[in-house]
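What follows is a single structure, written as structure tokens, with notes after it.
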Amino acid sequence: MSTVQLTQKPSETRVEPVYRAPFPWGRLGIRAAALSYLVFMLLIPLAVIFQDGLKEGLGEFWAQVTNPIAWSALILTLWTSAVMTVINTIMGTLTAYVLVRYQFPGKGLLNSIVDLPLAIPTLVTGVMLVILFGPQQTLGAWLKDELGFSIIFSPPGIILALLFITFPFVVRAVQPVLIDLDRTQEDAAATLGARGWTVFQRITLPYLFLPLASGALLSFARAIGEFGAIVIVAGNIPLYSQTAAVYVLGEVESENRLGASAVSMVMVAISFSLILVVGWLQRRRLKDKK
Amino acid sequence: MTHKEMDITGNTPRPVPSAGRWTRRVLIAAVFIYVGVLILAPIWALIAGAFEEGIGAILKALTQPDVLEAFWLTIKISLVVVLIQLVFGTLVAWVLVRDHFHGRELINGLIDMPFAISPVVVGYMLILLFGRNGLLAPVLTALDIKVAFAVPGMVLATLFVTLPFMIRELIPMLEAFGVQQEQSAATMGASSWQIFWRITLPALRWGIIYGVSLTFARALGEFGAVLVIGGGVQGRTETATLFIYRALDERQYVGAYSAALVLGVLSLALVVGTNLLRRREVNRS
């Protein structure tokens, strides 16, 4: 919580005019070093994807993207990520709400479990899910025989893997806002006779809209590119359970450079726009706070 | 957090007004079930899977030369990446907070890009730059440097993927710290380097520690990008994650599961350990 308190200071420090850089080679040298690092590490690699994807013209790019296998991989990626985002938004908000508003045994433990997915490599996540739900395993075999439902090597496995990986995003976006929320309005509504769900829907939810939206979009953006967990869990059957990232890997391996570049370009463009929107939402929230 | 527990209107006891006792119980139970099924059950499954044939089998699988080599390569790459991010991450954070120039906002937004870009695409970008037919291929041949399908390419890929962590930890710290202390030191005649080492760096200590541990954990677990740029050649470019992938493919399940367990425990220990350290220091002060 200390950070909340600390971040209120910068406005006063910003006013300071020129300040001697604490490096001997001066301000410009540092700026140049930092910017060239970003240009070489970030901008050039990103630009190369666009250059290569559009090299043969827009028509060829479009033909590569709409090739049935590529197209179905992109659509699968988008719909599984969308389903995950909906579930994650609901369960993430619920988890944050329970963590902030209720007292119960195991609360501290639950709070630490939320961060676990951030610390576990996604490939390891994939391995875990295959062990638990895989067709040779007890639980997976039971689901398949009794319910005729398989999780691993099919789209539900993808959604499950994405849910695991992105669980912290919504919780951690909503939690601090819920802690800061002034509860007078909720109390007033309750005094006026509003029931629990009405209070939440009419009063609490509108407050949470911005952080919820940025948490949800962030998990969506993260899901679009996920590879490590999915490649293990999905079975990667073209036209059925092959996602965009796995498709790109296949095209790179079979040296179909244009196909790999075109689909990569679409993925980068989606992530890029989502990251910009998330940044904008977060800045707006900071402004609202002031 | 305690002031939140108090009632602003001065009215005493507040049983949560928005939910009855049963709603509350149901909501808490729902969260526990969700977290239990989604997160805890898979973790337990991995532990059970690795120990299925006993600890002897795990130790035997983990001490195979190719496994040791793979883990050693992962640790070497991660250490190099952490060192580079330490220097350049601090530099970039410093410039973004203290320096003023046009386009700063835009750069600030771009920093998060690696977070959303598929690791496969990251590896592929580097192939387009450094691969056999890559843009920089002539330069590399002239200098006789091998980047693609070699360790330098894997370091670059891991650098791209871990770029935001250090910077994102340090920016709020730098903003909160302000410049007053540095200015008073300067007034008293301290040199730029003295100010940086004695005042700025110690103040950023926890940001740096967190940044390093997150970067390290992320580097340990990187898979897609190093698979594409490194090729996963056994004994040369096979990291721990690439070994797990191969072992699963070859149905060496004990090896795959125990390596996955070790990798998971390593990254968890890093992140949890840092949190515990931090809590201890907060308690002490």
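The values are calculated or read from the model by the stated rules, or taken from the named source; none is laboratory data. What you see is a predicted model, and the numbers here were worked out from it, not measured in a lab. As a convention, Cβ positions derive from the backbone with ideal geometry for all residues, glycine included, and neighbour counts pool all protein chains shown.
Residues that are assigned to a helix (DSSP H, G or I) and at pLDDT 95 or above: does region B:99-120 have at least one?
The answer is yes, given that some residue of region B:99-120 is assigned to a helix (DSSP H, G or I) and at pLDDT 95 or above.
Inspect all residues belonging to region A:251-273 and state whether any of them is surrounded by fewer than 18 Cβ atoms within 10 Å (Cβ to Cβ), closer than 25 Å to A:Ala47 by Cβ and either among the charged types (D, E, K, R) or in the same structural domain as A:Ile49 (by TED's automatic domain parsing) (or both).
Among the residues of region A:251-273, at least one is surrounded by fewer than 18 Cβ atoms within 10 Å (Cβ to Cβ), closer than 25 Å to A:Ala47 by Cβ and either among the charged types (D, E, K, R) or in the same structural domain as A:Ile49 (by TED's automatic domain parsing) (or both), which makes the answer yes.
Considering each of B:Ile195, B:Ile209 in turn, give the residue that is surrounded by fewer than 17 Cβ atoms within 10 Å (Cβ to Cβ) and touching a Lys or Arg at 6+ places or on another chain (Cβ under 9 Å).
From the options B:Ile195, B:Ile209, the qualifying one is B:Ile209.
Whether any residue in region B:67-80 is among the polar types (S, T, N, Q), free of Cβ contacts under 8 Å to residues at least 24 places away in the same chain, assigned to a helix (DSSP H, G or I) and out of contact with any Pro (no Cβ under 7 Å at 6 or more places or on another chain) is what I want to check.
Within region B:67-80, none of the residues are among the polar types (S, T, N, Q), free of Cβ contacts under 8 Å to residues at least 24 places away in the same chain, assigned to a helix (DSSP H, G or I) and out of contact with any Pro (no Cβ under 7 Å at 6 or more places or on another chain).
Can you give me the number of residues within region B:95-115 that are among the charged types (D, E, K, R) and at the interface with chain A (Cβ under 8 Å from one of its Cβ atoms)?
So the count comes out to 3.
Mind checking which pairs have a first residue in region B:225-236 that is at the interface with chain A (Cβ under 10 Å from one of its Cβ atoms) and a second that is of a type in the set (Ser, Thr, Tyr), Cβ under 6 Å, 6 or more apart or different chains?
B:Val228/B:Tyr124; B:Gly231/B:Thr237
Restricting to helices (runs of 4 or more DSSP H) lying wholly in region A:145-225: which have 2 or more residues that are within 26 Å of A:Ser81 (Cβ to Cβ) and among the hydroxyl-bearing types (Ser, Thr, Tyr)?
Filter on region A:145-225 gives A:205-225.
Give just the number: which of (1) within 14 Å of chain B (Cβ to nearest Cβ); (2) surrounded by 17 or more Cβ atoms within 10 Å (Cβ to Cβ) does A:Leu54 not satisfy?
(2)
Can you pull out the residues in region B:155-183 that are touching a residue at least 24 places away in the same chain (Cβ under 8 Å) and at the interface with chain A (Cβ under 7 Å from one of its Cβ atoms)?
Within region B:155-183, B:Leu159, B:Phe160, B:Leu163, B:Pro172, B:Glu175, B:Val179 meet the criteria.
Does A:Ala96 satisfy being surrounded by 20 or more Cβ atoms within 10 Å (Cβ to Cβ) and either among the basic types (Lys, Arg) or under 18 Å from A:Ala173 (Cα atoms) (or both)?
Spelling it out, A:Ala96 is indeed surrounded by 20 or more Cβ atoms within 10 Å (Cβ to Cβ) and either among the basic types (Lys, Arg) or under 18 Å from A:Ala173 (Cα atoms) (or both).
Quick check on region A:171-193. Is at least one of its residues more than 7 Å from every other protein chain (Cβ to nearest Cβ), touching a Gly at 6+ places or on another chain (Cβ under 6 Å), within 15 Å of B:Leu38 (Cα to Cα) and in contact (Cβ under 8 Å) with a residue 40 or more places away in the chain?
Taking every residue of region A:171-193 in turn, at least one turns out to be more than 7 Å from every other protein chain (Cβ to nearest Cβ), touching a Gly at 6+ places or on another chain (Cβ under 6 Å), within 15 Å of B:Leu38 (Cα to Cα) and in contact (Cβ under 8 Å) with a residue 40 or more places away in the chain.
Answer with yes or no whether A:Leu110 is assigned by TED's automatic domain parsing to the domain that holds A:Ala229, at pLDDT 85 or above and outside any loop (DSSP other than H, G, I, E, B).
The answer is yes for A:Leu110.
Among the listed residues B:Ala217, B:Ala186, identify the single one that is part of a helix (DSSP H, G or I), closer than 30 Å to B:Leu156 by Cβ, of a type in the set (Gly, Ala, Ser) and within 9 Å of chain A (Cβ to nearest Cβ).
Result: B:Ala217 is the single residue among B:Ala217, B:Ala186 that is part of a helix (DSSP H, G or I), closer than 30 Å to B:Leu156 by Cβ, of a type in the set (Gly, Ala, Ser) and within 9 Å of chain A (Cβ to nearest Cβ).
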